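One structure is given here, and the rest of the page talks about it.
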Amino acid sequence: MNSLQKPSFTDSVKKAISIFTRLFKRNKQNHNQEQATIVKHEEQAVLRLSGKRIPTLKQLKYGWRVFTIHEQRIITTLLILFAIMTVITVGTLSYNRTALLPAVGGTYSEGLLQTPQFLNPILAFNNSTDVDINRLVFSGLLKYDKNLELQPDLAESFSVSDDNKIYTFVLKDNIKWHDGESLTADDVIFTIKTIQNPQFNSPHFGKFRDVKIEKIDDKTIKFTLKENFAGFLSSLTLGIVPEHIWGNITPANSRLAEANIKPIGSGPYKFSKIQKETDGRIVSYTLESFDQYYDKLPYIKTVQFKFYANITEALDALQKQNIDGIKFLPFGSKIELSQMKTLNYHTLSIPQYTALFFNQSTNDKLATKAVREALAYAINKEQLVNDIFNNEATVIDGPLLPDSVGYYPEIKKYNYDTTTAAKLLEDAGWLNMENEQYRKKENEILEINLTTVDIADTVKVAEKVKEYWENIGIKVNLDIVSRNTIERDVITPRNYQVLLFGEVLGAEQDPFPFWHSSKRQSPGVNLTNFANKQADSLLEKARLTNNEEDRAKLYKEFQDILIDAMPAIFLYTPHYIYPVHTKIKGIEQTKINTPADRFNDISNWYIKTERRWK
């Protein structure tokens, strides 16, 4: 080969093989004398370093000199390519044998419109924020999973007697309170007995009033029911409170105790900090994961709730990414967020309905059934649902929803009919007078006050109802009340004439709490003060049977009585829209019994990830 000619790649490889072969076999031949001399001297140097036939690393460095600079570059390139291919191959093999899995860490922040009051399952009921936070802080004997099926929680196991009156629970081992104390059967018994103490005025009193509870040992509790109660197991999802905290607090001081706002529970998250304004208003509430939690530890380290005066402020915070989600998104607000590409809209089914509840004792005009029926005929429910909810709600005509025991579509309906509405009013003496905007009887205007909570969608519904009723000559005054005060100022004292409000029916969709006469006073939620002995009897019997067919017959008869009495106008059942930032992964809930159920599977939510071997 001409020394001036650049060797080809093949020649260089052949030459490399030839030279290394000569090094191993000590062959001193070469292409020319000059190269042979170089090889001879270098081989001698190599052999002086080692008498071995196979060169060492130190010996190989002399062999490198036999290549031209061009050949060295080619070999270096080959070695680099080999290294790259090796890394790619090893990386591919490693990638195929690993998976991107959830990792611990991160913070989820959510906007709420109602500040906490009683972070204590014994007292919490109507304040939805209390129920939300209690779900994360406290544990019950049982819990609902993401499919709304009852599962053991604090309980390791439980059994039910053949007559469905005796329930025996065995607790799990090593359950700790957030302050490190052990949770035992004594805490369960204390919780139930406290609820049974009428001085505490617990909203759950009715569920446990006739229940006998006994301690078998430190881990075993027995409940004995006076009568069979079909929904008793669902009652045991109620959070258990620590006796060593609440045992020293009297009923008189129970609503003032610091433990109501800085709770000690046994759930997956524990109280971390609270931030208040100078006027005492709570602006944020922070929980952190409890590392001694007896069940699966949550991935998300911190959950923070931020409180806003209204939905407008909350939506603004969501758009500015000051929060990751909002508890509930009003239907009209979804349009405002249409430009946000970082939100997932989780649409959850929920057993809830919205109705117009009549309080006949506060307006004698409403005591006339014909007037109440006229108000029902005046409302175009289909148009209302279409215009306000874009059909993301379903029209209803009674207190039981389509997927509940006892629902039947043949229930009496008050379909939109303004002619019938006008005739009912005229027959009742309420006449359209010439040059008068509203109907009168004996110079008295037919006037009604309509009260509702300050929620965007609900306010729109109220305005639409006002329009419908004024179209048939009724004067309507709207009273829009803040979320934070409606319970205290309106619902508890029953201070309204007509209340537009939504009721969450719960897992059992039991109408007893909403329509039995014993629930007419707060904390009961019989919002119309409806009282009928036959209806009471049917509701009581329905609670005593586990046979769904028998219960459905009882509920059908109850509904006929209720609709005939006309204490309320049932409007619609909405879908529940839960917007959450796309960074929050693992949300699989599709249906809920109450808004707090959105957290049923929170231990599987995650933000951070890491690659781990399969």
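Computed from the coordinates by the stated procedures, all read-outs in this text should not be read as laboratory data. Predicted model only: the values in this text are computed from it and were never measured. Cβ atoms come from the backbone with ideal geometry, glycine included; neighbour counts cover every protein chain shown.
Between the amide H of K143 and those of Q151, D153, distances stay under 5 Å, these residues lying 5 or more places away or on another chain, with hydrogens modeled in the peptide plane. Spin-label pair T220-I480: with each label point 7 Å from Cα along the Cα-Cβ axis, the two points sit 6.0 nm from one another. For segment 432-521, trypsin sites (Lys or Arg not before Pro) meeting the loop criterion (DSSP other than H, G, I, E, B) and having at most 16 other Cβ atoms within 10 Å: R520. With R₀ set to 45 Å, the beta-carbon distance separating N96 from S157 gives a calculated FRET efficiency near 0.65. Near the amide H of Q352, within less than 5 Å, lie the amide hydrogens of L505, all on another chain or at least 5 residues away, with H placed in the peptide plane.
Measuring between alpha carbons in the structure, the pairs from K413/K519; K276/K460; K207/K541; K369/K533; K146/K306; K341/K591 lying more than 22 angstrom apart are K413/K519; K276/K460; K146/K306; K341/K591.
So if each residue of separation counts as 0.36 nm, and I subtract the Cα-Cα distance between K608 and Q521, what length gain in nm does that give? Write out the running numbers ahead of the final one.
Numbers: separation 87, 0.36 × 87 = 31.32 nm, distance 4.83 nm.
Here the answer is 26.5 nm.
Applying 1/(1 + (r/R0)^6) with R0 = 51 Å to the Cβ-Cβ distance of K412 and K440 gives a FRET efficiency near 0.95. Shape class for the chain: prolate, because the ratio a/c of the largest to smallest gyration tensor axis (alpha-carbon atoms, square roots of eigenvalues) is 1.5 or more and a/b beats b/c. Put a dot 7 Å past the Cα of D403, heading toward its Cβ, do the same for T368, and the two dots end up 4.2 nm apart.
Shape call for segment 81-141 from the C-alpha gyration tensor, a ≥ b ≥ c root eigenvalues: rounded (a/c under 1.5), prolate (a/b greater than b/c) or oblate?
Values: a/c = 7.62, a/b = 3.87, b/c = 1.97.
Because a/c hits 1.5 or more and a/b exceeds b/c, segment 81-141 counts as prolate.
For K222, a cut-off of 15 angstrom between C-alpha atoms picks up these aspartates and glutamates, skipping any fewer than 8 places away in its own chain: E156, D162, D163, D186, D187, D210, E214. Remark: the T342-T86 segment gains 88.3 nm on full extension, using 0.36 nm per residue and subtracting the alpha carbon distance.
Starting from 0.36 nm per residue, how many nanometres of slack lie between H575 and N432 once their C-alpha separation is accounted for?
Numbers: separation 143, 0.36 × 143 = 51.48 nm, distance 3.92 nm.
That pair, H575 and N432, stretches by 47.6 nm at full extension.
For the residue pairs K143/K583; K412/K556; K176/K215, alpha carbon separations beyond 23 Å are given by K143/K583. Computed from label points 7 Å out along Cα-Cβ, the spacing between L78 and N390 is 6.6 nm. Helical content alone sets the calculated 222 nm signal of the chain at -9500 deg cm²/dmol, taking -39,500 (n - 2.57) per DSSP H segment of four or more residues and averaging over every residue. Taking a ≥ b ≥ c as the square roots of the eigenvalues of the Cα gyration tensor, segment 352-574 is prolate, since a/c reaches 1.5 or more and a/b is larger than b/c.
Taking a virtual spin label 7 Å from the Cα of D291 along the C-beta vector, which residues in segment 144-179 bring their backbone nitrogen under 17 Å of it? Residues 176-179 qualify, since their backbone N sits under 17 Å from the label point.
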